Amino acid sequence: MSETLKSLAIMARDTVRDPKEGARRVLSIPIPRDALWQALALVVILGLVQTYLNGVLMPGPVDPMTSTFRDAPLKGAIIAGLATVAMVIALHRVGRLFGGTGDFDGALRLIVWLQAIMLIFNMIQLFFLVTIPPLAVLMGAVNLGLLLWLLTNFVTVLHGFRSLFPVFIMIMVTAFFLGFFFFFLLSLFGLITLPEIQNV
């Protein structure tokens, strides 16, 4: 088990250094779809644990989504799971819409791997939150940049695109509309509660 974790850590390091090669390597590994879904569930649960720890370590006003994850774990798990699956579908379908050649399993593999890498960097941010809080803020910005950089390269490799910049724009536009639509649905079905606006 320790050797497996060591190999995954090395692979994560190499992916950060060369995201395109890391994506190609992940796509070349034969993994059954059932195992991919299990891995997806695992990274979602670990992500929720990190969100909860972040709320405990840094109490105070939070956004409705974070509040839901912290105060209602089961509801948070459902939301996080649906959001991650929506990300996989969007990665596959939107890329194909623009002439990409990637398949659903490839999108699923890369999202799982992306989430796994971000778990590592989010743990570093949590460590800074406990030890050196100002660095935690900086690490948050680094994590966001890394997320976008890795995702842009992953989409480029998955769909066989040539240029990173158009892919980045496609990701940002898709994320905006998908996030807005998803947030609207969650509010409509009462899965999250919007803060009340007080009269002044």
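The values are calculated or read from the model by the stated rules, or taken from the named source; none is laboratory data. Quick caveat: nothing in here was measured; it's all calculated off a predicted structure. All Cβ positions, even for glycine, are placed from backbone atoms using ideal geometry, and neighbour counts span all protein chains on display.
Considering only residues in the stretch 1-55 that are buried (at least 16 other Cβ atoms within 10 Å of the Cβ) and β-branched (Val, Ile, Thr), the one that is modelled with the lowest pLDDT turns out to be Thr51.
Just one of the listed residues (Gly140, Gly76) is touching a helix residue (DSSP H, G or I) at 6+ places or on another chain (Cβ under 9 Å), crowded, with 17+ Cβ neighbours inside 10 Å and not aliphatic (A, V, I, L, M), and it is Gly76.
Of the listed requirements (1) within 20 Å of the chain's Cα centre (by Cα); (2) surrounded by 15 or more Cβ atoms within 10 Å (Cβ to Cβ); (3) more than 18 Å from Gly47 (Cβ to Cβ), Leu135 misses just one: (1). Given the residues Val157, Val167, which is the only one that is crowded, with 16+ Cβ neighbours inside 10 Å, more than 25 Å from Leu8 (Cβ to Cβ) and modelled with pLDDT of 95 or more? Result: Val167 is the single residue among Val157, Val167 that is crowded, with 16+ Cβ neighbours inside 10 Å, more than 25 Å from Leu8 (Cβ to Cβ) and modelled with pLDDT of 95 or more.
This table checks each residue for (1) out of contact with any Gly (no Cβ under 9 Å at 6 or more places or on another chain); (2) farther than 19 Å from Gly95 by Cα; (3) of a type outside the set (A, V, I, L, M).
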site: Ile117; (1), (2), (3): no, yes, no
site: Phe127; (1), (2), (3): yes, yes, yes
site: Ile132; (1), (2), (3): yes, yes, no
site: Leu146; (1), (2), (3): yes, yes, no
site: Leu150; (1), (2), (3): no, no, no
site: Phe154; (1), (2), (3): no, no, yes
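Scanning the stretch 107-128 for residues that are closer than 19 Å to Val85 by Cβ and over 12 Å from the mean Cα position of the chain (by Cα) yields Ala107, Arg109. Contact map, the stretch 32-47: first residue farther than 15 Å from Val88 by Cβ, second residue surrounded by 14 or more Cβ atoms within 10 Å (Cβ to Cβ), Cβ cut-off under 6 Å, separation 6 or more or different chains; pairs are Leu46/Leu119.
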